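Structure first, commentary second.
The values are calculated or read from the model by the stated rules, or taken from the named source; none is laboratory data. Predicted, not measured: the structure shown is a model, and the values here were computed from it. Note that we place each Cβ from the backbone using ideal geometry, even for glycine, and neighbour counts take in every protein chain shown.
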Amino acid sequence: MNLLIDIIISGLISGSVFALLAIGFSLIFGVARIVNIAHTAFYMVAAYCIYVVTQRMGFHPLWGMVAAIVLVTLLGIISYKLFINPIREHHGAVLIATIALAMAFQEVMGIIFTGSYLSVPKLIKGYHVILGVKVFYQQLLTFGAALLILAGLWALLMRTKLGLAVRSTAQDREVANLMGINEARVAMATMGLSVGLAALTGAIVVPLTVLEPHMWMHPLVMMMAVVVLGGLGSLKGSFLGAYILGFAEALVVFLAPMGAFLKGSVALSIMILVLLIRPEGLFGVSFEEER
Amino acid sequence: MERWGKGILILAMAFLFAVSSFTVVSGQDTIKIGVIGPMKFVQGQGHWNGATMAAEEINAKGGIQVGAKKMKIELVQADSNEFLNVTDATTAMERLVTKDKVHFIVGGFRTEAVLPMQDIAMENKKIFIGVGAAHDELCNRVARDYKTYKYWFRGSPFNSTFLGRTSFVHLATVGAILKGSLNIPKVKVAIAAEKAEWTEPLIKGGETAIPAMGMEIAGIWRPSPVATDVTAELSAIQRSDAHLIFTIFSSSVGIPFARQAGELKIPAVQVGINVEAQKDGFWQATRGMGNYVATMNTYARGVESNELTKAFVDTYVKRFNETPTYTADTYSVIVNSLAPVIEQLGTLDPEKLIPVMETRVHKSCSGTVAYLKDAEGRHLHELRWGPGFLTALGVQWQDGELKGFWPNKWKPAPEAPEVTYKGMVPYKIPPWMIEKYKK
C-alpha cells in the first residue's frame with residue numbers, strides 16, 4: 001500500500017513538471033507549426049534570471065519569478081521576430097535555427113556563469129507529509145500550477161477573442177487569414193505565450209533542481225517524448241502524456257531501484273510503443289490528414 | 001563591401017585561433033606543460049589553478065635547473081570538454097602533442113575520456129600524469145604493456161580500489177558512531193551510486209564489505225549522474241529504514257541528492273564519495289541543506305596531512321579564494337614530482353626521467369607519494385595507499401564549513417599505532433537523526 005502511495009505521489013509530481021513544459025511547446029506547434037527546440041533553453045534562461053535577481057541582487061524569489069517571466073517572454077518575442085519569423089515557412093530551417101538558438105543561450109550562460117552548479121531559493125520552503133510521503137510545498141505548487149495553467153489556457157482559448165483567433169489559425173491558417181485574422185500577429189502572440197509558459201515553468205521548477213548551462217537538454221528530451229506521445233499540437237494529449245511518463249518514471253524508481261537511471265529510457269520506450277500502435281500519438285492529428 | 005566582409009572573417013578566425021591557443025609565458029627556453037581538463041567546470045579550473053600556482057612559484061625562483069641552464073615553465077591550456085564530449089578531449093590532447101609540442105601533460109578527469117587521451121600521449125611518448133581519473137585500468141595498462149604505457153603516472157587521486165577501501169573505512173567509522181550514540185543494534189545501509197563505470201567496483205565491494213562490517217544492506221539505488229530530482233529515490237530509501245546512505249557520486253546528482261535529503265530531513269546520514277560536496281560551492285548549491293553530508297576529500301581548511309599541506313592550502317585559498325580540490329594536485333605533480341626529478345637528472349628526456357620517477361618516494365601536499373608494483377613485480381605507476389603514504393580525508397559539512405573528521409585516532413590494524421591528522425574534529429550526527437533514534 002505504501003509503495004502504491006509513493007508511486008502515485010511521485011508520478012503526479014514528475015508528471016506536473018513535464019506537463020508544464022509540454023503545454024507551451026505544444027501550443028506553439030499547434031498554432032504556428034513551429035517546433036521550438038529552444039523551448040527548454042528559455043526555461044534555462046528564466047532560471048538564471050531568477051538566480052541573478054535573488055542571489056546577486058538580493059530580491060525576494062517572487063520578484064525573481066516576475067522578472068524572469070517578463071524578460072524571457074520579451075526575449076522569446078525578439079527571437080521569434082529575428083530568427084524564426086523570416087524562415088517560418090521552412091519547417092526544417094526553423095528546427096535547425098531553434099537548435100542554434102538554444103546552443104547560443106547555453107554558451108552565453110556558460111560564459112557568464114561558468115559550468116558551476118548553482119541553486120535558487122524556493123518560493124515556499126518546507127514539506128508536507130501526505131499519507132506518509134514527504135512532499136515539498138514547491139512540488140505541490142508545481143502540481144497546482146500545472147492544473148491552473150491548463151485551466152487558464154482553456155479559458156483563454158475558449159472564452160476570448162484572442163483564443164478564437166488562435167484556434168482558427170491552428171485549424172486553418174489560410175482561411176483564418178481570409179477571415180481577417182492577422183495570422184502573423186497571432187503566431188507572435190502565441191510564441192510570447194509559449195515562451196512565457198516556459199519561463200513560468202522555470203520559475204516554479206528551478207528551485208527544485210540545479211542550475212547549469214546544459215540543464216535544458218534533459219527536460220527537452222522528456223518534453224518531446226510527452227508531446228509526441230500525447231499527439232503533436234494537442235494540449236489535452238500533452239497533459240495526459242506528461243502524467244503517463246511521470247508515472248512510468250515513478251514505477252521504475254520504486255520497483256527497480258537498481259535501474260533508477262533507466263527511468264528516462266523507460267519513459268521514451270513507452271513513447272515508442274504508443275507510436276508503433278498509434279503513430280499520431282494519443283490525441284494528435286494523423287499525419288495523412290495534416291495540412 | 002565583399003572585401004570588408006572577407007577581412008572581418010579573416011580577423012575573426014585569427015582571433016579565435018589566438019584565443020584557442022591560450023598560453024602563459026612564451027619563449028623557446030621553456031618547459032612546456034600541457035594542462036588538460038574540462039576548463040568550463042570546477043574540475044578543470046582546479047587543474048589550471050594548481051598548475052598556475054606551480055608555474056608562478058617555480059618561475060619566480062628563475063625556473064627549473066636543467067643541466068647548465070634555468071628553464072621557466074610555460075603552461076598550455078587545453079579544454080577537454082570531457083563532461084560533454086569525449087571526442088573533444090582527444091582532439092585537445094592531439095593538439096597539445098602535435099601543435100603545441102608540450103614536454104609533459106597533467107590533468108584529465110573522467111576515466112572514459114582519459115583512456116583515449118592516455119593512448120594519444122603514449123603514442124607520442126609524452127609523460128602524462130593523471131590528476132582526476134581513478135579507474136584501476138589506467139595503471140593496469142602500464143603493467144600489461146610497459147613499453148607503451150610507461151609514460152603514464154597517476155598523480156591524484158589513488159585508484160578506485162583504494163577509494164573504495166577508504167570510503168569503507170569512513171562507512172565503518174560513522175556506522176560505529178551511530179551504533180554507539182543512537183543505540184542502533186544493526187545499522188542498515190542504502191547504497192546510492194550514480195550510473196557510471198567507476199562506481200561498479202565500489203558497489204560490488206560494498207556488497208561484500210558492508211555485511212562483513214556487521215551492517216545490513218537496505219537496498220541499492222542507481223540514479224542518473226545528471227538527475228535533478230531524486231525525491232522518489234529518497235522516499236524509497238526512507239521506506240527502507242536505512243540509517244546510513246553510502247553515496248558514490250562524482251557528478252551533479254550529488255547536489256540535488258544532498259539538498260533534497262536535507263530538506264526532507266531523511267533520517268539517514270550520508271557518507272562515502274560525493275565530489276560536489278568537496279567543493280566550497282556545495283554550501284550555496286544546496287542552500288545549506290547539505291549540512292552534515294560527509295565525503296572523502298583531499299584537502300580541507302585547517303587540516304594538515306603533512307608539513308606541506310598548510311602552505312599549499314593557505315596560498316591557494318589566498319590566490320583563488322576557494323579551497324583546493326584534488327584536481328588542484330597539478331600543483332604537487334609539477335612542484336613535488338616532476339621538477340625535482342628534472343633538476344636531479346638535468347634533462348627533459350622521458351626515457352631518463354621515468355626510471356627515477358617510478359622508484360622515487362617523496363612528499364606531496366596530501367601525503368607521501370610512492371609508486372606500486374603489481375603481484376608479479378611489474379611497475380604499475382599506481383599510487384600507494386595507507387598510513388604513512390596517501391590516505392585522503394573524511395570531511396563533513398558542519399554549519400557552512402568543511403571539517404575533517406578522519407583519520408582521527410584511526411587504527412589501520414589492531415596492533416598499528418593510531419593515525420590522526422592535525423585539525424580533526426568529531427563527526428556530528430544530524431539533529432533529526434538524534435531526535436528519531438534517541439528516545
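Couple of notes before you dig in:
- Among the residues making up segment A:106-139, those that are surrounded by 15 or more Cβ atoms within 10 Å (Cβ to Cβ), under 13 Å from A:E212 (Cβ atoms), more than 8 Å from chain B (Cβ to nearest Cβ) and among the hydrophobic types (A, V, I, L, M, F, W, C) are A:M109, A:F113, A:V120.
- Within the set A:A203, A:A199, the sole residue that is touching a Ser or Thr at 6+ places or on another chain (Cβ under 7 Å), crowded, with 23+ Cβ neighbours inside 10 Å and either touching a residue at least 60 places away in the same chain (Cβ under 8 Å) or within 30 Å of A:P121 (Cα to Cα) (or both) turns out to be A:A199.
- One residue stands out in segment B:374-385 among those that are touching a residue at least 24 places away in the same chain (Cβ under 8 Å) and surrounded by fewer than 17 Cβ atoms within 10 Å (Cβ to Cβ): the one that is nearest to B:R165 (Cα to Cα), namely B:D374.
Condition check ((1) more than 20 Å from B:E343 (Cα to Cα); (2) modelled with pLDDT under 95; (3) surrounded by fewer than 15 Cβ atoms within 10 Å (Cβ to Cβ); (4) within 14 Å of another protein chain (Cβ to nearest Cβ)) across all residues:
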position	(1), (2), (3), (4)
B:G5	yes, yes, yes, no
B:A14	yes, yes, yes, no
B:Q43	yes, yes, no, yes
B:E56	no, no, no, no
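- Residue identified as in a helix (DSSP H, G or I) and closer than 24 Å to A:Y127 by Cβ among A:L71, A:L4: A:L4
- Checked against (1) at pLDDT below 95; (2) surrounded by fewer than 23 Cβ atoms within 10 Å (Cβ to Cβ); (3) within 14 Å of chain A (Cβ to nearest Cβ), B:G27 passes all but a single condition, namely (3).
- Flag if A:I9 is over 30 Å from B:G281 (Cβ atoms) and in contact with a Gly (Cβ under 7 Å, 6 or more places away or on another chain): no
- Across segment B:63-90, the number of residues qualifying as part of a helix (DSSP H, G or I), surrounded by 23 or more Cβ atoms within 10 Å (Cβ to Cβ) and among the acidic types (D, E) comes to 0.
- Note on segment A:1-39: residues that are away from chain B (no Cβ under 12 Å) and of a type in the set (V, I, T) total 6.
- Residue within segment B:192-210 that is at the interface with chain A (Cβ under 9 Å from one of its Cβ atoms) and free of Cβ contacts under 8 Å to residues at least 12 places away in the same chain present: no
- All of B:M117, B:M122, B:M93 fail the test of being away from every other protein chain (no Cβ under 14 Å), surrounded by fewer than 22 Cβ atoms within 10 Å (Cβ to Cβ), part of a helix (DSSP H, G or I) and in contact with a Ser or Thr (Cβ under 9 Å, 6 or more places away or on another chain), apart from B:M122.
- Boolean, B:T298 is within 16 Å of the chain's Cα centre (by Cα), of a type in the set (V, I, T) and crowded, with 23+ Cβ neighbours inside 10 Å: yes
- Residues that are within 13 Å of chain A (Cβ to nearest Cβ) number at least 1 in the following strands (runs of 3 or more DSSP E) confined to segment B:211-316: B:216-221, B:244-249, B:269-274.
- Some residue of segment A:148-161 being among the small types (G, A, S) and over 17 Å from the mean Cα position of the chain (by Cα): yes
Listed here are the residues, each with its yes/no results for (1) touching a Lys or Arg at 6+ places or on another chain (Cβ under 8 Å); (2) aromatic (F, W, Y); (3) crowded, with 24+ Cβ neighbours inside 10 Å.
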| residue | (1), (2), (3) |
| --- | --- |
| B:I217 | yes, no, no |
| B:W221 | no, yes, yes |
| B:A242 | yes, no, yes |
| B:A261 | no, no, yes |
| B:P267 | yes, no, no |
| B:Q278 | no, no, yes |
| B:A285 | yes, no, yes |
| B:Y292 | yes, yes, no |
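- Count of residues meeting criterion [modelled with pLDDT of 95 or more and not in a loop (DSSP other than H, G, I, E, B)] in segment B:139-164: 14
- Set A:A46, A:A41, A:A22: member being crowded, with 24+ Cβ neighbours inside 10 Å, in contact with a Ser or Thr (Cβ under 6 Å, 6 or more places away or on another chain) and among the aliphatic types (A, V, I, L, M): A:A22
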